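Right, one structure below, let's go through it.
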Amino acid sequence: RDWERVQRAIVDAEYAIAQRAFESGRDKKGAERQASFVEARRLLTRFSEQHPLDARNPDILFSFGEMLYLEEKFAAAREAYGRCVSKYPGKQASSHAQLRIGEIYESKTFNYLEALRAYKLVTWGSYAPQARARIVRLEKKHLALETSRTYRTGEPATFKLTSRNIEKVRVRIYK
């Protein structure tokens, strides 16, 4: 009985060391972040290989995607998140990973149709409500007209028009 607790403590310590390497990399920038993430990937990979049935393995796969996301390697991050979703369907980490896939499509590659498809796949876990809210936001009509500053009477004005889910817009400017 004591032996089981000791074994569990050793496994927990190995995971904590790997997780600490990942967390320390989050707070760093540039080459320091890169070095921390290389070490974190090595430790997390070794942990998942030595303990393939550990319940924290979905979180490890999510962490691989998160590291790539923080390194701004968005295509690779999307693939890593996809591996988490396909290998551990129905788990909390895969719910978060599927949401992150949608976020990458929406805010990094600006592919709103793929973002919508990705968000619609989040049907489990605590991230499902966030995905539903993003679906509503993406499907809602939106129109915004902005000027960078106030213009004088004789001065030519410029503006920025942003629209979503509106097929045709006509703008009339009155003096």
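The values are calculated or read from the model by the stated rules, or taken from the named source; none is laboratory data. This is a predicted model, so every value here is computed, not measured. Using ideal geometry, Cβ is built from the backbone for each residue, glycine included, and neighbour counts are taken over all protein chains shown. Ligands, DNA and RNA are stripped out before the accessible areas are found, and what is left, the full protein with its side chains, is counted by its heavy atoms. Shrake-Rupley method; radii C 1.70, N 1.55, O 1.52, S 1.80 Å.
Structure notes:
- Accessible area in square angstrom per residue, segment 7-51, 1.4 angstrom probe: 61
- Taking only the alpha carbons of segment 1-95, we obtain Rg and Dmax values of 14.0, 46 Å in that order.
- Qualifying GluC sites (Glu not before Pro) in segment 1-74, where qualification requires a DSSP coil assignment and no more than 12 other C-beta atoms within 10 Å, comprise 72.
- Unit charges at the beta carbon, dipole of the chain: most positive-side option, 50, 13, 150: 150
- Estimated from helical segments only, the mean residue ellipticity of the chain at 222 nm is -20000 deg cm²/dmol, where each DSSP H run of four or more residues counts as -39500 (n - 2.57).
- Restriction of the chymotrypsin sites (Phe, Trp or Tyr not before Pro) in segment 61-154 to DSSP coil positions whose beta-carbon has at most 16 other beta-carbons within 10 angstrom yields 110, 124, 151.
- Centroid-to-centroid separation of segment 52-112 and segment 114-175 [C-alpha atoms, Å]: 26
- For segment 85-175, applying the loop criterion from DSSP together with a ceiling of 11 other beta carbons within 10 Å to the GluC sites (Glu not before Pro) yields 167.
- Among 40, 76, 97: highest mean-square fluctuation, GNM of the chain, C-alpha pairs under 10 Å: 76
- Of 29/120; 91/141; 120/168, pairs whose Cα-Cα distance is over 31 Å: 29/120; 91/141
- Reference-scaled alpha-carbon Rg (2.2 N^0.38 Å with N residues) for the chain: 1.44
- For the chain, size of Cβ-based charge dipole, Lys and Arg +1, Asp and Glu -1, in debye: 1080
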